[in-house]
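Presented below is the structure to which this report refers.
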Amino acid sequence: MENVIEISNLTKMYGKARGVQNVSFSVEKGDMFGFLGPNGAGKSTTIRCMLGFINYQSGSIKVLGQDVKSGTQNILKEVGYMPSEAMFYQSAKVKEIIKMAANVRGMDCSKEAEMLCERLQLDVDRKISDLSLGNRKKVSIVCAMQHKPRLFIFDEPTSGLDPLMQSEFFELIKEYVNAGATCMLSTHVLSEVKKYCNNVAIMKEGNLQCVNKVSELTKTSSKRIKMVRDGVYEDFLFEGDLNDIYKELQGRDITDILIEEPSLDEVFMKYYE
Amino acid sequence: MFELYKHEVKMYIKTLIIWVLCAGGMGMVCILLFSSVKDSMSGMAESFASMGAFSDAFGMTQLSIATLQGFYATEVGMVHSLGGAMFAAIISCVMLSKEEDAHTSEFLFSLPVSRNKVITSKLGAVITHIVIYNLVCVIVYVMGIVILGEEMPIKEYCIFHIMQLVMHIEIGVICFGISAFMKRNRMGIGLGIVLFLYAYDLMARVIPDLSDFKVISPFSYANAADIFSTGEVDMTALMIGIIVMVVSAITAYRVYSKRDLAT
């Protein structure tokens, strides 16, 4: 399968402060890829390197087959990016911003923009300065989607959106992905990754913790064990050889026991901690 | 690129109108007042010309304030000159930094336009506004002069206003270059530069030790009294101004196209 994003040993330092270190992962075409990590993990830094907003010290990034350092403009033509901060020119109207984004691309996106505004219930005649965070997010979504890009990069897209709009947003993404686009979703909301993503990369303190299929992540050697031992209820995450716990339990008064796969949240939290 | 240029021009239309109304309006009022103050000025002209350093600084030893040329040079010229320089500084010293200051840089730079094209669009918008400011003000002044029915030497008048335009553009480009280093809007720096260069020009006209270095300030080659009295431009100062302009523009391109954008 063709890779749409290929990041190899990416290192970005802000002076002496940590940015990201030796980050490597790739995203396949047509994938819905989750990019997970707590605040300050280096997700936005990685994305900003991918889009050429910031320089990086070492490593290489290829997006849609092109090196970021030499082909930024070509990459941006094919990318729909939604930043975590949906900020626009305060004095402009929504329709002016949407039209400007399309015109700069030299495209007439009016039909797609109209459809998106309708589905997101966005009033295009309002001024940006009058919009709430949620409505600014909607403008950002329209600007990222109206030109039907091959690759979507969303950085914390759902913060500020109400649950209905979040659902509509993910419906839209699914439709574009079904039509052949690829989506990279950077978030710290576990449920979004669990629900919508096929693969996930987990970042922590500037380092990549793991890249895996979401479905594979729960298939670890860890087990959630709930039992009543010697009259006391115990609930813990066990890591290691299951024979060890069998040995430990021998000769004890076990009245109830449940051994199950850990939840995805628990797996994620393990990387977070 | 034209889309961004259009957007930038549009964003500062209100500021432009305010400054044109203020400077053009004040200039017009000054010109129209001339006929009523002309007689009293003729009595005061000699006193103004013999006020030593003050007269030197404001060019009143070179021109009589009782003539329209002298009155225009000292009154209208100063308003237009300082007003235009401040307007140029205000719009240009935030032109690049405003994107990061207002957190709009990620939106702007996610569009497929190179940073050099963004810089060109913004610089083009700054120059357009400065040209419009000068053009509209000159039209207003000329209307005032026509209404007044007084004579004005066309050659000197044209040279003066062309030099004013160049000076305003120079200040605009200097501030634009400074803006490339900034991550936050610092309008005060631009205004400070204008006031410093203006004060430096005045001091250089008064303090003999500084007179050789007068050319450093762009106000030196655009001085109304010098141009109206000699009909010539200080070419050394103008050349220095053009070099400063080119260096500032190159600096803006080099710095802004390479640096990390703040969020």
Those residues of the stretch B:78-106 which are open to solvent by 10 Å² or more (accessible area, probe 1.4 Å) and facing chain A (nearest Cβ under 10 Å), in sequence order: B:Lys98, B:Ala102, B:His103, B:Glu106
Per-region count, the stretch A:100-148, residues basic (Lys, Arg), over 27 Å from the mean Cα position of the chain (by Cα) and over 19 Å from A:Tyr176 (Cα atoms): 2
Residue within the stretch B:202-215 that is at pLDDT below 95, within 21 Å of B:Thr128 (Cα to Cα) and not hydroxyl-bearing (Ser, Thr, Tyr) present: no
Qualifying positions in the stretch B:206-255 - crowded, with 23+ Cβ neighbours inside 10 Å and more than 19 Å from the chain's Cα centre (by Cα): B:Ala252
B:Ile178 vs. criteria in a helix (DSSP H, G or I), touching a Phe, Trp or Tyr at 6+ places or on another chain (Cβ under 9 Å), open to solvent by less than 60 Å² (accessible area, probe 1.4 Å) and touching a residue at least 40 places away in the same chain (Cβ under 8 Å): no
Positions within the stretch A:7-35 being at pLDDT 90 or above and not in a strand (DSSP E or B), in sequence order: A:Lys29, A:Gly30, A:Asp31
Selection within the stretch B:68-106 - assigned to a helix (DSSP H, G or I) and touching an Asp or Glu at 6+ places or on another chain (Cβ under 6 Å): B:Leu68, B:Ser105
Strands (runs of 3 or more DSSP E) (entirely within the stretch A:156-273) containing at least 2 residues that are without any contact (Cβ under 8 Å) to a residue 40 or more places away in the chain and farther than 30 Å from A:Gly30 by Cα: A:223-229, A:232-238, A:254-260
Given (1) closer than 21 Å to B:Asn185 by Cβ; (2) outside any loop (DSSP other than H, G, I, E, B), number of the condition B:Asp260 does not satisfy: (2)
Helices (runs of 4 or more DSSP H) fully within the stretch A:36-108 counting 2 or more residues that are away from every other protein chain (no Cβ under 11 Å) and under 25 Å from A:Tyr196 (Cβ atoms): A:43-50
Subset of the stretch B:147-161 (residues that are open to solvent by less than 40 Å² (accessible area, probe 1.4 Å) and assigned to a loop (DSSP other than H, G, I, E, B)): B:Met152, B:Pro153
Enumeration of residues in the stretch A:116-149 that are assigned to a loop (DSSP other than H, G, I, E, B) and surrounded by fewer than 16 Cβ atoms within 10 Å (Cβ to Cβ): A:Gln121, A:Asp123, A:Asp125, A:Arg126, A:Ser132, A:Lys148
Residues satisfying the stated conditions in the stretch A:175-196, i.e. at pLDDT 90 or above and touching a strand residue (DSSP E or B) at 6+ places or on another chain (Cβ under 8 Å): A:Tyr176, A:Val177, A:Ala181, A:Thr182, A:Cys183, A:Met184, A:Leu185, A:Ser186
Unique match (being over 18 Å from the mean Cα position of the chain (by Cα) and not hydroxyl-bearing (Ser, Thr, Tyr)) among A:Lys43, A:Lys77: A:Lys77
Test: residue in the stretch B:203-210 that is within 30 Å of B:Ser105 (Cβ to Cβ) and not hydroxyl-bearing (Ser, Thr, Tyr): no
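The values are calculated or read from the model by the stated rules, or taken from the named source; none is laboratory data. Since the model is a prediction, treat every value here as computed from it, not as a measurement. Every residue, glycine among them, receives a Cβ derived from its backbone with ideal geometry; neighbour counts consider all protein chains shown. Heavy atoms of the whole protein, side chains included, go into the accessibility calculation; ligands, DNA and RNA do not. Shrake-Rupley method; radii C 1.70, N 1.55, O 1.52, S 1.80 Å.
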